[in-house]
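Working notes for the structure below.
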Amino acid sequence: MRSTIIAGNWKMHGTCAEAEALLRDLLPQLPTDDRALVIVCPPYTALATVHRLIQNTRVLLGAQDVFWKERGAYTGCISPLMLLEIGCRYVIIGHSERRGRFGVPEPDFDAPVLAHFGDNNVTVNRKLRAALAHGLVPICCVGETLAERQAGQTDTIVADQVRAALQDVQPEQAARVIFAYEPVWAIGTGEVCQADEANRVCGLVRQTVQQQYGTDVAAAVHVQYGGSVKPDNARELLAQPEIDGALVGGASLKAADFAAIVAAAPVS
Ligand code: 13P
């Protein structure tokens, strides 16, 4: 049986003071049983603050991105070593807000959702391998845009992203990866993917892993759903057999909502 993993992606929300207030609100509201693993992914600058506050709690720490080099002349980048030192065990990789695969030569800086940080299947693979090599658990995001869904390309895009992310990854390492199926059109829009469709695509992620690594690795890999997960839809999503948890954006910034999503995880 795979555990349920609920991760909060705070995105660019949370000064240290705000992060502290959110956690102090959240911690007493979380269920005390072990129905789900709970991860929070604050901005880099709040990682140390959050790490201090989650000592002796059930909450685990993740970052929102990582560079694949350990050190060097890479202005603005953060290495796996830095994340480990600050207490991270998880790292989100390849979020659609960081991928720039829309073929837009000049990003639209006023677009409601930016996708201009230049990640692609190659950089996602490098980041994922670097994370695994250092013992971090990657939460690797995959998912199609609205245009790709309307063109009937969902399965091809998602399977390609999964295969590319796992290129040159050994089976025992692949088994540790958490995938997050996040259809781009469902992120921050309030438009959640129907539970049966989310279950189908999460199943496709697992099948893609199985084709490459066999049943044991496929059975070990966790596949989360992300995109407008809220307290009122979490229970149905988390009850799906192929969905092993949620990657939560907006609702992870509200303590009561995030705690309710954790509480919606099935009790095994
Ligand atoms: P929302 O939950 O705000 O739709 O964001 C989802 C997401 O992008 C999590 O990584």
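What to note about this one:
- Top-ranked residue of region 176-201 - restricted to ones that are of a type in the set (Val, Ile, Thr) and closer than 24 Å to Gly135 by Cα, ranked as farthest from the ligand (Cβ to nearest atom): Val177
- Subset of region 49-81 (residues that are of a type in the set (A, V, I, L, M), surrounded by 16 or more Cβ atoms within 10 Å (Cβ to Cβ) and within 30 Å of Gly118 (Cβ to Cβ)): Val50, Leu60, Leu61, Ala63, Val66, Ile78
- Set side by side, the residues Thr208, Thr189, Thr215 differ, and just one is without any contact (Cβ under 8 Å) to a residue 12 or more places away in the chain and either crowded, with 19+ Cβ neighbours inside 10 Å or not acidic (Asp, Glu) (or both), which is Thr215.
- Test: residue in region 237-259 that is more than 25 Å from Ala19 (Cβ to Cβ), more than 9 Å from the ligand (Cβ to nearest atom), part of a helix (DSSP H, G or I) and over 16 Å from the mean Cα position of the chain (by Cα): no
- Test: residue in region 84-92 that is farther than 21 Å from Ala131 by Cβ and crowded, with 16+ Cβ neighbours inside 10 Å: no
- Residues satisfying the stated conditions in region 106-143, i.e. at pLDDT 95 or above, out of contact with any strand residue (DSSP E or B) (no Cβ under 8 Å at 6 or more places or on another chain) and outside any helix (DSSP H, G or I): His134, Gly135
- Residues of region 202-236 that are over 19 Å from Arg2 (Cα atoms) and near the ligand (Cβ under 10 Å from one of its atoms): Gly227, Ser228, Val229, Lys230.
The values are calculated or read from the model by the stated rules, or taken from the named source; none is laboratory data. Predicted model, so just to flag it, every value in this text is computed and none were measured. Positions of Cβ are backbone-derived with ideal geometry, glycine not excepted, and every protein chain shown enters the neighbour counts.
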